Amino acid sequence: MKMSKASIVLLYFGFIFIHCEAKSIREKPQAFESFNVSYIQNLGSCSYSVVFTTSCSSTSYTRDQISIAFGDAYGNQIYVPRLDDPASRAFEQCSSDKFEIKGPCAYQICYVYLYRTGPDGWKPEQVKIYGYNSRAVTFYYDTFIPGDTWYGFNYCNSASSSHRWIGQTSFLFVVLWFVLYALI
């Protein structure tokens, strides 16, 4: 059975579409009890914008103390011990709150951890961080933050292995393209 060039091209792009969809699966945040905020480099002073989107299934408001720590793979860490201000009505249900933060200069942000203390509870949908030396990065929580533990994501160690995987997959698609084209 001989396939037309158009069929092969459609099949090829179908594989690419499926591959791209498979990579969009989100990981869940993890607790990190041994996270240490005491190691903070003070190299320069840079500005960051951090946007918190609170889930519509969160409590209507929270009086809890919310802390954040984020950084890059090189040990540059930005830490804010208390973001919330109950008088400002931050972190209300179905809302977005933007904080301007100054801290050490970092490269590409690859981890973020949140810490919550208090009786109310809080469910962020996502945290988006904009930095001077890095592209914007979004961390998807969509779960209640447990009390009295650092909770979040660390993609720093997986960066080199994911780039290698993407390179190998791209090579595979190029080889597949030539094989299919040769069969025509």
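The values are calculated or read from the model by the stated rules, or taken from the named source; none is laboratory data. Bear in mind the structure is a predicted one, so any value in this text is a computation, not a measurement. Cβ: placed from backbone, ideal geometry, glycine included. Neighbour counts: every protein chain shown. These area figures cover heavy atoms from the full protein model, side chains too; ligands, DNA and RNA do not enter into them. Shrake-Rupley method; radii C 1.70, N 1.55, O 1.52, S 1.80 Å.
Candidates Ile109, Ile66: the one that is assigned to a loop (DSSP other than H, G, I, E, B), modelled with pLDDT of 95 or more, at negative phi and in contact with an Asp or Glu (Cβ under 7 Å, 6 or more places away or on another chain) is Ile109. Looking at Arg82, Arg89, Arg63 in this structure, which one is open to solvent by 80 Å² or more (accessible area, probe 1.4 Å) and touching a helix residue (DSSP H, G or I) at 6+ places or on another chain (Cβ under 7 Å)? From the options Arg82, Arg89, Arg63, the qualifying one is Arg63.
For the stretch 130-141, state whether one or more residues are part of a loop (DSSP other than H, G, I, E, B) and modelled with pLDDT of 95 or more. Yes: the stretch 130-141 contains one or more residues that are part of a loop (DSSP other than H, G, I, E, B) and modelled with pLDDT of 95 or more. For the stretch 69-98, the set of residues classified as at negative phi and hydrophobic (A, V, I, L, M, F, W, C) consists of Ala69, Phe70, Ala73, Ile78, Val80, Leu83, Ala87, Ala90, listed by residue number. The residue that is farthest from Glu27 (Cα to Cα), among those in the stretch 92-106 that are open to solvent by 30 Å² or more (accessible area, probe 1.4 Å) and part of a loop (DSSP other than H, G, I, E, B), is Cys105.
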